[in-house]
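Worksheet: one structure, shown below.
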Number of protein chains: 4
Amino acid sequence: MLFILKSNSDPSQLVEKIVARSASYRVVDLYGRRIVVAWPDKLVEDIVDDSVEVRVKSSRPYQLASSEWKRDKTIVDVDGVEIGGRSVVVAAGPCAIEDEELAIEIAKAVKRAGAKMFRGGAYKPRTSPYSFQGLGEKGLEILKRVYEETGLPIVTEVMDTRDVEKVARYAHMLQIGARNSQNFHLLKEVGKSRKPALLKRGMAMTVEEWLLAAEYMLLEGNGNVVLCERGIRSFEKSTRFTLDIASAVYTKTVTHLPIAVDPSHPAGRRDLVEPLALAAVAAGADMLIIEVHLSPEKALSDNEQQLTIDMFEKLMTRLKAVAEAVGRSI
Amino acid sequence: MLFILKSNSDPSQLVEKIVARSASYRVVDLYGRRIVVAWPDKLVEDIVDDSVEVRVKSSRPYQLASSEWKRDKTIVDVDGVEIGGRSVVVAAGPCAIEDEELAIEIAKAVKRAGAKMFRGGAYKPRTSPYSFQGLGEKGLEILKRVYEETGLPIVTEVMDTRDVEKVARYAHMLQIGARNSQNFHLLKEVGKSRKPALLKRGMAMTVEEWLLAAEYMLLEGNGNVVLCERGIRSFEKSTRFTLDIASAVYTKTVTHLPIAVDPSHPAGRRDLVEPLALAAVAAGADMLIIEVHLSPEKALSDNEQQLTIDMFEKLMTRLKAVAEAVGRSI
Amino acid sequence: MLFILKSNSDPSQLVEKIVARSASYRVVDLYGRRIVVAWPDKLVEDIVDDSVEVRVKSSRPYQLASSEWKRDKTIVDVDGVEIGGRSVVVAAGPCAIEDEELAIEIAKAVKRAGAKMFRGGAYKPRTSPYSFQGLGEKGLEILKRVYEETGLPIVTEVMDTRDVEKVARYAHMLQIGARNSQNFHLLKEVGKSRKPALLKRGMAMTVEEWLLAAEYMLLEGNGNVVLCERGIRSFEKSTRFTLDIASAVYTKTVTHLPIAVDPSHPAGRRDLVEPLALAAVAAGADMLIIEVHLSPEKALSDNEQQLTIDMFEKLMTRLKAVAEAVGRSI
Amino acid sequence: MLFILKSNSDPSQLVEKIVARSASYRVVDLYGRRIVVAWPDKLVEDIVDDSVEVRVKSSRPYQLASSEWKRDKTIVDVDGVEIGGRSVVVAAGPCAIEDEELAIEIAKAVKRAGAKMFRGGAYKPRTSPYSFQGLGEKGLEILKRVYEETGLPIVTEVMDTRDVEKVARYAHMLQIGARNSQNFHLLKEVGKSRKPALLKRGMAMTVEEWLLAAEYMLLEGNGNVVLCERGIRSFEKSTRFTLDIASAVYTKTVTHLPIAVDPSHPAGRRDLVEPLALAAVAAGADMLIIEVHLSPEKALSDNEQQLTIDMFEKLMTRLKAVAEAVGRSI
């Protein structure tokens, strides 16, 4: 149950009533409102209190992430770049940060082509311990240099609760990868950081589980969550993953949070990235996150699916046309 | 191995050589060429014959459906409507044919909105024997009346080898449904009919299996095959099926056959049909097949996902904009 | 709604009442009872008639296949072999019938080892048109000879509605393959034949859909249906299919029909067949269907997964031990 | 490449040669052998050194977990309980630790019935932040008391890199849950702890990915890893998860590590647990991990699937019979 408080009202009496019924609660400040979340519903649903402007009993297990209490779409501000508004935000950059000069060169090129954010991994979750594991903190420093040189806000992955504070010092948006999408301690730490978060959907994660993972962050008072569809596991192996565009579309109908799409990972091959990116924007994605490299064939990871600069420029031109066709811009 | 013959050449000597090596073969006429298909490769790969213009050893198990021997995209002509060209073809109509007057009214409405073909089921594959099973031959007669009234070519499903000839007398394009996508006897009969065919992808069918199912028809000399992605089964249940847009895109890179997308079945809900239809066109679909009804809530099947006429008209306007944005028309 | 009639009572008045309410109905004789099935429930649930002994409103969409009206397990009699009783029935034989002498030799060997039925394909559903398609009617004649020589009842696949009558003349049990598991016309024809049927589960078929496919046969008056789990499609490719032992176990709790398991297809490799067969019997399977060949490496299909006679003999010894451990015999 | 060293030999020259070729390496002590792991293979495959007894180039990406270099099955010793030997080890206990008295009572009961280890969650990964999250450190203290009272070694989940040291002080075996199965930092920390580890398979994890996750721990020198199959995500929803018994069986053929099966989570319902447990032992599982509660209907989590003591006792009797039938004991 969400008790949305009147401005400047004191929740202490309400909290007392909740505690008196042995219910659990959390007081969170989100989107300019103070909200007392209390559960389970059945213990608190008859509580009346002067501090409450409106109470919302959600029909869905994710209460704060649900559009039932917040009908307007949330806009997540990442260092001035607005995700969730009329404009579709493109974040681009290499899979992994490998070298400072290279990173800056890619960043400048994607910025010229219209990207509004830079992506690149310093900590890399790799299936095999024998694969390149990322540069770690050195990679974060390179990302900082990219920001200084180009002004593009940085989104990068954090994999370990112990690293959240550090990564948050360098990046403007924290990515939680598909493999950590139900690492609940990590979700809580990123929630506490209040940093904008990009929550990738797990490979076998239902939409409901995805929104409950977001709920972990919202419940810590972090409303700056963008949900990113990146392909699920299915029986089909002709592409790397199965881009679940229908779930992305469905998700938009049940949450106020913006939806991003990563067309690079499901494609698994650079020639399939463009049609998937176009499809995502046509279907209503608020953000795209695309892997781009100067010389993809030399990249230390995901070298099959990273676009060349040339391909990215052409893609941006086509993306703009499709965005306009559906009443958006890029 | 494909032996593509010179014009007006006689394959009899080539066939003799194939038989002499105990290999199998079939002589087919496709797309204006006479082709001798022989297998297995290893028995026939050193055969030389004067009748042969070019021989193609496919790296893929589907030889005739592969783009390796035919680089230009195939255009399937359905009573004058071209599928696979610059223009994206929209086929629309009710899930099932229920009534003549109703069918004609829907057909006129979708035609006005820009549909180029009419869809509607006379034979309905229903999960439960207690569900409406379609009107059968009476439904076919109604479809004939729709064509007479509107001039829209008809695509309708055939479920039984015993019905192929009959359905082919009424319809312009034979649909093979997802549940019959590996009903190999049915594929052969539809192949023999030479009628344009719409081959829906099975719910658990890999792209390779899909193209091999098409190969069954091509090997009977029927090159008029359109492949239709309609959603696969995955773990996710927030939508009815998982529209596998990435496989549709991948499939276009390995075959010359046109690709259709059915956004209605994966959506399962009419409000999700539009974004999926837009995504399909942005991704490069050559055809859309969409369920539309005058009063969907009264329909005898799939009533959740059929669009109203009003929704269909709005969809067509947006589809045209997206089609133009990617260099196509509707 | 199931109206189970008193012995020797006349259903005509009941049927009149059903028709008067515009409901649908079917009179079927199953397991020694006459049953009037009427639907939809809401139109007929207040009907009272003297002919009715008991009426059962099923909570599940499959009414006749449900254990709600028939609590005792059904025993399917195939030429004297009882499937569904205390004894676990093993059907064994080659994937495809290739040669008479070979077939008879395999049959004799599997009989010696304890198999009670012979399996072998005359009509083969093959993913590729370039694969061996089976001997067809010639294969059926070989199967007849196998029966004459060994007395083992025959189970073999029927793929086409046009072949049901013919196959039924030669075989004792008709197999409906995974790819035809929702070929509803075929299900109806096999239902009408009244022959014992082995209904393989489709690769992406839910348990509910599987039981509704069985319902198509029961509604034609054929109660001799055995359900066969043979592996579903999942993301995992280290085995050919994913044997869904949990669904087989669940299915036993909702239906009175016997459950078979095919360990050969999910294994895809002969060394994995034994542990899966043992698991199936431990979990409660009523029947196993296992591919066995004299020289698997020379087989024209599925040569990776067919057991040698030697492996089959060892398997039978271990199967007997496990069957006894769970209170069954072989 | 694995360089397995002679006893008491000095790896320093070998390491120099590896470094000279710009390859990566790690020196690990596993199963009484000192091994230098070096990669990529192509840089090191011609290295010859006196310290090396044998070198193994694995055909699989998981080198240390592969049975190619270690043919004998690994036995993991958990406080005297041997997992991977002739005897099948049953670990039983409640889903979550809720109360000391209750935990001890359950432990005594499962011990009486033949369980050799106690399971119970102090840290609980819950899909929803509104669900019971476990007692945390207080739960660990209860587990310690259970051990003191019963002598049953404890297996419990660790979810956060920051908690590994603490949980390792209380537990005898660290469980890595399905949702953290690719939390690579956690895998490394558990690897460094050298504590026996139970690695649950992720819901969409391939066998190869599972073994590579184990490899992360082996590469830290922790060879005490047991792999636990607990059901994957498939399209089928009649059971909670799809127990992938075939993959468990396959995995045994490619690794020397023991295989555990958790029948409780795929079942999702207590009446399905027994047949799945029997199937697992028949198929060759080395360990079972089963949820048991005194009053499952009152449990704070997973209350549908926990067995009663009575059910567990009956299960153990049947398990013993099946284990004996396949040449094992319990």
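The table that follows gives values for the structure above.
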| item | result |
| --- | --- |
| Angstrom value of the Kirkwood radius, inverse mean 1/r, which spans all Cα pairs in region B:174-235 | 11.2 Å |
| Environment charge of B:Leu143, counting only residues whose C-beta is closer than 15 Å and scoring Lys/Arg +1, Asp/Glu -1 | -2 |
| Average beta carbon contacts from partner chains per residue of B:121-134, 10 Å cutoff | 5 |
| Interchain or long-range residues, amide H under 5 Å from C:Ile232's placed H | C:Thr242, C:Leu243, C:Asp244 |
| Cα-projected label distance for A:Lys314 with D:Arg26, points at 7 Å along beta-carbon direction, nm | 4.2 nm |
| For region B:78-88, 3J(HN,Hα) per residue [Karplus equation, 6.51 cos²θ - 1.76 cosθ + 1.60, θ = phi - 60°, Hz, x = Gly/Pro] | 10, 6, x, 8, 9, 9, x, x, 5, 8, 7 |
| Spin-label zone in region C:261-300 - amide nitrogen under 11 Å from a point set 7 Å from the Cα of C:Glu82 along the C-beta vector | none |
| Ascending list, in nanometres, of distances separating the B:Arg86 label from those of the other copies (7 Å, Cα toward Cβ) | 3.2, 7.9, 8.0 |
| Inter-copy spacing of D:Arg71 label points, which lie 7 Å from Cα along Cα→Cβ, given in nm from shortest upward | 5.4, 5.7, 7.3 |
| Axis proximity, chain A to D: residue whose C-beta lies nearest, plus whole-Å distance | A:Ala204, 2 |
| Tail fraction, Cα-Cα pairs, region A:201-250, threshold 17 Å, whole percent | 40 percent |
| Estimated FRET transfer efficiency when R0 is 45 angstrom, pair A:Lys298-B:Ser9 (beta carbons, to 0.05) | 0.35 |
| Within a Gaussian network of chain D (alpha carbon springs, distance under 10 Å), most fluctuating of D:Asp160, D:Asp29, D:Asp50 | D:Asp50 |
| Estimated [θ] at 222 nm from DSSP helical runs (n ≥ 4, -39500 (n - 2.57)) normalised by residues in chain C, nearest 500 | -10500 deg cm²/dmol |
| Rg followed by Dmax, in Å, when region C:76-325 is reduced to its Cα trace | 16.2, 45 |
| Charge context of C:Ala23, other residues only, Cβ under 14 angstrom, K/R +1, D/E -1 | +1 |
| Descending Cα extents along the principal axes, region B:102-204, whole Å | 37, 34, 26 |
| Dipole in debye (nearest 20) - region D:76-325, about Cα centre, beta carbon charges: Lys, Arg +1; Asp, Glu -1 | 180 debye |
| Span from the region B:182-242 Cα centroid across to the region B:124-142 one, whole angstrom | 21 Å |
| Nitroxide proxy distance, nm - points 7 Å out along Cα→Cβ at D:Glu148 and D:Val19 | 4.9 nm |
| Label zone at C:Arg162 (point 7 Å along Cα-to-Cβ), backbone N below 19 Å, region B:126-165 | B:158-165 |
| Sorted by Cβ neighbour density within 10 Å, fewest at the top, the residues A:Ser247, A:Ser12, A:Ser295 | A:Ser12, A:Ser295, A:Ser247 |
| Residue-averaged beta-carbon neighbours from other chains (10 angstrom radius) around C:29-40 | 1 |
| Spread of Cα-to-Cα distances over 5 Å intervals beginning at zero, given as percent, for region B:2-56 | 4, 22, 38, 24, 10, 2 |
| Reachable lysines, given that their alpha-carbon falls under 17 Å from the alpha-carbon of D:Lys320 and they are not under 8 places away in the same chain | C:Lys320, D:Lys111, D:Lys116 |
| Set of aspartates and glutamates near D:Lys144 by C-alpha distance (under 17 Å), chain-local residues within fewer than 8 positions excluded | D:Asp79, D:Glu98, D:Asp99, D:Glu100, D:Glu101, D:Glu105, D:Glu157, D:Asp163, D:Glu165 |
| Three-way shape label, region B:225-330, alpha-carbon gyration tensor, a/c 1.5 | oblate |
| Average partner coverage of C:188-195, which counts Cβ from other chains inside 10 Å | 1 |
| Within region D:2-56: Cβ-based charge dipole about Cα centre, in debye rounded to nearest 20 (Lys, Arg +1; Asp, Glu -1) | 140 debye |
| Pseudo-label separations to other copies for B:Ser22 - Cα-to-Cβ vector, 7 Å, nm | 5.4, 6.7, 8.1 |
| Value of Rg/Rh across the protein assembly as shown [Cα atoms, Kirkwood radius] | 0.96 |
| Alpha-carbon centroids, region C:143-178 and region A:6-58: separation in whole Å | 69 Å |
| Span from the region B:101-120 Cα centroid across to the region A:261-330 one, whole angstrom | 36 Å |
| Loop-located trypsin sites (Lys or Arg not before Pro) in region A:42-139 whose Cβ has at most 11 other Cβ within 10 Å (DSSP) | A:Arg71, A:Arg86 |
| On Cα atoms only, tilt of B:207-218 relative to the major axis of chain B in degrees | 70 degrees |
| Region C:76-325: antiparallel DSSP beta bridges as a percent of all, rounded to 5 | 15 percent |
| Above-threshold pairs, the threshold being 23 Å between Cα atoms, out of A:Lys57/A:Lys195; D:Lys166/D:Lys200; B:Lys188/C:Lys124 | A:Lys57/A:Lys195 |
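Read the figures in this text as sums done on the coordinates, not as results from a lab. Since the model is a prediction, treat every value here as computed from it, not as a measurement. Here Cβ is always computed from backbone atoms with ideal geometry, including for glycine, and neighbour counts include all displayed protein chains.
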